[in-house]
Amino acid sequence: MEINATLVVQMVHFFVAWVMFKKLLLEPALEVILADTAEQRNAQGKIATLRSDVVQHKDKKAAQWSAYQHHFRKEMPRVTDEKEFFLFRNLGKPLKPIIVDHSVVREAKKRLEKVLVKKLGQVNE
């Protein structure tokens, strides 16, 4: 088998074309792909961090809510008097108007005025 100059020139041209193809197209494309992959990994890391922050925030809010409920249950006023319980139980029902005589209202007003004048007179002295 005989190797002539045309075959050698074709091999040189192929090698030069391969080097140019590799340097001008493959390496920049590979750099872009690697940069994009690194950016995606970075974004996924940020997403995971934000998700854990959201879970921690939800857990914190749930703990606060539980503490508020516990405090309310602990500090909630207890109704011990049967009359008070009866009043609170009937709050949802419409109340009937109480009919009061005007003379009773005027008498209560006069008493209240006397008490207030007496108390304010003691404060000013």
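The values are calculated or read from the model by the stated rules, or taken from the named source; none is laboratory data. Model, not experiment: these values are computed from the prediction. Every residue, glycine as well, gets a Cβ built from its backbone with ideal geometry; the counts of neighbours run over all protein chains shown.
With respect to GLU107, is the statement that it is over 41 Å from the mean Cα position of the chain (by Cα) and either assigned to a helix (DSSP H, G or I) or modelled with pLDDT of 75 or more (or both) true?
Considered against the rule, which asks whether it is over 41 Å from the mean Cα position of the chain (by Cα) and either assigned to a helix (DSSP H, G or I) or modelled with pLDDT of 75 or more (or both), GLU107 comes out as yes.
So ILE3 passes all but one of these: (1) β-branched (Val, Ile, Thr); (2) part of a helix (DSSP H, G or I); (3) modelled with pLDDT under 95. Which condition number does it fail?
If we test ILE3 against (1) β-branched (Val, Ile, Thr); (2) part of a helix (DSSP H, G or I); (3) modelled with pLDDT under 95, just (2) comes out false.
Return the total of residues in the stretch 69-87 being surrounded by 10 or more Cβ atoms within 10 Å (Cβ to Cβ) and either at pLDDT 85 or above or part of a helix (DSSP H, G or I) (or both).
7
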